[in-house]
Amino acid sequence: MRVAKTTVIIPARNATETLSRAIESVLKVNLPTELIVIDDGSTDETGALASSYKEVQVIRTSGIGAGGARNIGIKASQGEYIAFLDADDEWLEGKLRPELEIMQRYSDVGLICTNFEKWRNNQFIINGFDQHTSVYLPGGERDSEGLIFRDGFERICTSLFVATPTVVGRAELFRENLFDEQFRIGEDLDLWLRISRRYRIAAIERPLVRTYDYPDSLGSALDAVLLETEQVLATFRQRVGKLTTSQQRALMKKLRIVRCARAYQARQQGRYGNALSCYLGSLAANLNKTAAIGLVKVFVELFLGRRPN
């Protein structure tokens with residue numbers, strides 16, 4: 001394998017408790033790397049901690065968010081490839097080499113993701129691909145290191161198996177396709193869709209990253225994720241341009257599902273006006289039984305004055 005430099009970008013904000021673990025997991029990779037930490041408005045010693053590593057370049061920003069911080073790192077990068085890691089996650093043994101081998105074998109592969117371990121409260125929960133099984137749908141090309149997809153866009157619409165801390169991609173693609181900073185939650189979904197719309201993507205089935213879940217307010221967080229995911233999907237075609245018939249169908253199906261999920265959340269919380277709007281939006285995206293039944297349930301609950309169980 002030709003050895004090429006990879007720039008690793010870690011956005012960090014008030015991350016003194018976990019940043020060393022993330023940095024040291026990258027430094028263990030026995031390959032040429034440029035490591036950039038974006039200290040995004042920390043009020044603790046995150047910047048000083050990152051600066052204590054001679055291998056780390058630190059760039060300070062003022063609370064622009066993860067997508068904006070990654071964009072700063074992309075613009076400053078010198079590597080032929082770019083990889084991402086979050087300050088509270090870590091790479092596992094074997095990370096990076098198989099991705100670079102695939103990149104060098106397939107010139108039309110734009111990005112690669114890997115399976116990942118999900119941990120919570122110091123306990124292993126599940127591997128990411130066991131939740132996002134669209135990676136295993138028929139049609140992928142088998143490589144010695146993983147799976148290559150021509151229909152990555154459609155697979156991502158089915159289930160977002162691409163986790164940002166696992167991603168490695170060609171630097172020129174990221175420089176041409178930055179994270180859209182108008183989105184604060186769905187910016188990664190948006191970028192993976194933009195890239196997979198035009199390039200093949202690959203997935204390595206081995207878990208090569210460990211992610212740590214720190215649940216905060218899960219209910220309100222889910223509402224925010226669903227709302228911004230809907231915004232990403234609803235505006236995607238007008239922002240990006242023409243899609244293939246298959247891509248358009250997958251996008252609208254995903255939009256329908258997200259709107260149904262938003263409607264269900266709203267109905268459970270007694271926000272019937274929002275529920276009606278979301279169910280109608282789901283039907284507008286794609287006629288479906290779930291939204292139709294949901295509408296009936298909303299009217300029944302309003303008429304009878306009952307809250308959902």
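For the reader, a short list of remarks on this structure follows.
- Residues within the range 37-57 that are closer than 22 Å to Val168 by Cβ and not charged (D, E, K, R), tallied: 6
- Residue count for the range 138-153, restricted to those that are in contact with a Phe, Trp or Tyr (Cβ under 9 Å, 6 or more places away or on another chain) and surrounded by 14 or more Cβ atoms within 10 Å (Cβ to Cβ): 6
- Qualifying positions in the range 39-70 - under 16 Å from Phe179 (Cα atoms) and either assigned to a helix (DSSP H, G or I) or touching a Ser or Thr at 6+ places or on another chain (Cβ under 8 Å) (or both): Asp40, Ala66, Gly67, Gly68, Ala69, Arg70
- Members of the range 118-145 found to be of a type in the set (Lys, Arg) and over 20 Å from Trp91 (Cα atoms), listed by number: Arg142
- Considering only residues in the range 243-275 that are modelled with pLDDT under 90 and part of a loop (DSSP other than H, G, I, E, B), the one that is surrounded by the most Cβ atoms within 10 Å (Cβ to Cβ) turns out to be Arg271.
- Residue within the range 104-124 that is part of a helix (DSSP H, G or I) and either at pLDDT below 95 or farther than 25 Å from Val37 by Cα (or both) present: yes
- Some residue of the range 71-87 being touching a Phe, Trp or Tyr at 6+ places or on another chain (Cβ under 8 Å) and in a helix (DSSP H, G or I): yes
- Residues (in contact with a Gly (Cβ under 9 Å, 6 or more places away or on another chain), charged (D, E, K, R) and over 20 Å from Thr235 (Cβ atoms)) located in the range 249-292: Arg267
- Residue in the range 131-171 that is nearest to Lys253 (Cα to Cα), counting only those that are under 16 Å from the mean Cα position of the chain (by Cα) and among the charged types (D, E, K, R): Glu154
- Checking Asp223 against (1) in the same structural domain as Ala275 (by TED's automatic domain parsing); (2) not in a helix (DSSP H, G or I), the condition it does not meet: (2)
- Cβ-Cβ under 6 Å pairs, at least 6 apart or on other chains, the range 108-123 side closer than 12 Å to Pro165 by Cα and β-branched (Val, Ile, Thr), far side assigned to a strand (DSSP E or B) and at pLDDT 95 or above: Ile112/Val168; Ile112/Ala202; Thr114/Ile204; Thr114/Leu208
- Of the residues in the range 218-232, not one is of a type outside the set (Phe, Trp, Tyr) and touching a strand residue (DSSP E or B) at 6+ places or on another chain (Cβ under 9 Å).
The values are calculated or read from the model by the stated rules, or taken from the named source; none is laboratory data. Quantities reported herein were computed from a predicted structural model and do not represent experimental measurements. As a convention, Cβ positions derive from the backbone with ideal geometry for all residues, glycine included, and neighbour counts pool all protein chains shown.
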